[in-house]
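S.K.: Sharing a structure below in structure tokens format, with a few things to ask.
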Amino acid sequence: MKTRDKILKKSLTLFNEQGERKVSTNHIAAALSMSPGNLYYHFRNKDEIIFELFSRYEAETLNMLMAPEDRHLTYADKLGYFEGILDNMWEYRFLHRDLEHLLGDNPSLQERYQHFGRQVMAQGQRIYQRLAESGLVDADAETVEALILNIWVITTSWISFLHTSGIFGHSGTISRDLLKRGIYQIIQLEAPYLRGEAREKLPEMKARYHDLAKH
């Protein structure tokens, strides 16, 4: 693995475990048994590391939310989108936890993130339009637009909510199971509009993501 990739991998681990604000470039260098000068050769400051990690998150998310144009979407596709959202929330959880702080300190990142948000919501609307064409969703364009906006709010704020609310009685450590409960909230939002196989398998879908936070 190249040194640059090692720095990004270790930074992501430390940011996720400790929170971005508690991790400095010196901490990252020390964790890699590397001199700060060697780290600065690859990244001039922590903002550059964060921007590169966000770029990877952005690319993975947009790629995951692509809808195939050569066939109808299926229930399996629908489940795959939820699992993809969950994977990215977990893999880059520091971004969601510290988002307001990160954007406030980095205007370039803020501009990039806002563009990313518009792309995600456009692709999300396209997915639900395709699900409607497949007979899995019944909702007009206005409803789909509102649904996607609400899903975006939950997805981007869920980790911050977990850290601040204490609603599930956890000790402050965010687990993957706690993130699954966020997917359950999204399922509840879309439930009234599901049809066909998606409606038939709604109890199964709810069970997949519900009550895991209590374990």
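The values are calculated or read from the model by the stated rules, or taken from the named source; none is laboratory data. Source: prediction; values computed, not measured. When we count neighbours, we look across all protein chains shown, and the Cβ atoms used for this are built from the backbone with ideal geometry, even at glycine.
S.K.: With the checklist (1) in a loop (DSSP other than H, G, I, E, B); (2) touching a Lys or Arg at 6+ places or on another chain (Cβ under 6 Å) in hand, flag the one item THR173 doesn't pass.
M.R.: (2)
S.K.: Right, something else. Just to check your reading of the model, which residue among ILE85, ILE167, ILE154 is without any contact (Cβ under 8 Å) to a residue 40 or more places away in the chain, assigned to a helix (DSSP H, G or I) and either of a type in the set (A, V, I, L, M) or assigned by TED's automatic domain parsing to the domain that holds VAL23 (or both)? So that I can check it myself, show each step before the final result.
M.R.: On the way: ILE85 fails: without any contact (Cβ under 8 Å) to a residue 40 or more places away in the chain; ILE167 fails: assigned to a helix (DSSP H, G or I).
Testing whether each residue is without any contact (Cβ under 8 Å) to a residue 40 or more places away in the chain, assigned to a helix (DSSP H, G or I) and either of a type in the set (A, V, I, L, M) or assigned by TED's automatic domain parsing to the domain that holds VAL23 (or both) leaves just ILE154.
S.K.: Looking at region 59-74, is at least one residue farther than 30 Å from SER134 by Cβ and crowded, with 16+ Cβ neighbours inside 10 Å? Step through it out loud before you land on a result.
M.R.: Of all residues in region 59-74, those farther than 30 Å from SER134 by Cβ come to none.
Within region 59-74 (the criterion being farther than 30 Å from SER134 by Cβ and crowded, with 16+ Cβ neighbours inside 10 Å), the answer is no, since none of the residues qualifies.
S.K.: To continue, here is another question. State whether the residues of region 177-199 include one that is at positive phi, in a helix (DSSP H, G or I) and more than 15 Å from the chain's Cα centre (by Cα).
M.R.: yes
S.K.: Now for a different question. Every residue in region 15-41 that is within 20 Å of LEU103 (Cβ to Cβ) and not hydroxyl-bearing (Ser, Thr, Tyr), please.
M.R.: Once the filter is applied, which keeps residues that are within 20 Å of LEU103 (Cβ to Cβ) and not hydroxyl-bearing (Ser, Thr, Tyr), region 15-41 yields PHE15, ASN16, GLN18, GLY19, GLU20, ARG21, LYS22, VAL23.
S.K.: Here is a further query. How many residues are surrounded by 19 or more Cβ atoms within 10 Å (Cβ to Cβ) and either under 26 Å from THR173 (Cα atoms) or assigned by TED's automatic domain parsing to the domain that holds ASN88 (or both) if we restrict to region 26-42?
M.R.: The first filter runs over region 26-42 and keeps only residues surrounded by 19 or more Cβ atoms within 10 Å (Cβ to Cβ), leaving 28, 39.
Narrowing further to those that are either under 26 Å from THR173 (Cα atoms) or assigned by TED's automatic domain parsing to the domain that holds ASN88 (or both): 28.
Of the residues in that region, 1 qualify.
S.K.: What is the residue count in region 17-52 for residues that are within 20 Å of GLN110 (Cα to Cα), of a type outside the set (Phe, Trp, Tyr) and in a helix (DSSP H, G or I)? Quick ask: steps written out before the conclusion?
M.R.: Here is the first cut: in region 17-52, the ones within 20 Å of GLN110 (Cα to Cα) are 19-21, 43-52.
Now drop any that are not of a type outside the set (Phe, Trp, Tyr), which leaves 19-21, 44-50, 52.
Among the residues that remain, those that are also in a helix (DSSP H, G or I) are: 20-21, 46-50, 52.
Going through region 17-52 one residue at a time, the tally reaches 8.
S.K.: Continuing with this model, one more query. Is region 105-128 home to any residue that is touching a helix residue (DSSP H, G or I) at 6+ places or on another chain (Cβ under 6 Å), outside any helix (DSSP H, G or I), over 19 Å from ASN16 (Cα atoms) and not polar (S, T, N, Q)?
M.R.: No, region 105-128 contains no residue that is touching a helix residue (DSSP H, G or I) at 6+ places or on another chain (Cβ under 6 Å), outside any helix (DSSP H, G or I), over 19 Å from ASN16 (Cα atoms) and not polar (S, T, N, Q).
S.K.: Please go through (1) more than 16 Å from SER55 (Cα to Cα); (2) crowded, with 18+ Cβ neighbours inside 10 Å; (3) touching a residue at least 60 places away in the same chain (Cβ under 8 Å) for GLU133 and return the number of the only condition it doesn't satisfy.
M.R.: So the condition that GLU133 fails would be (2).
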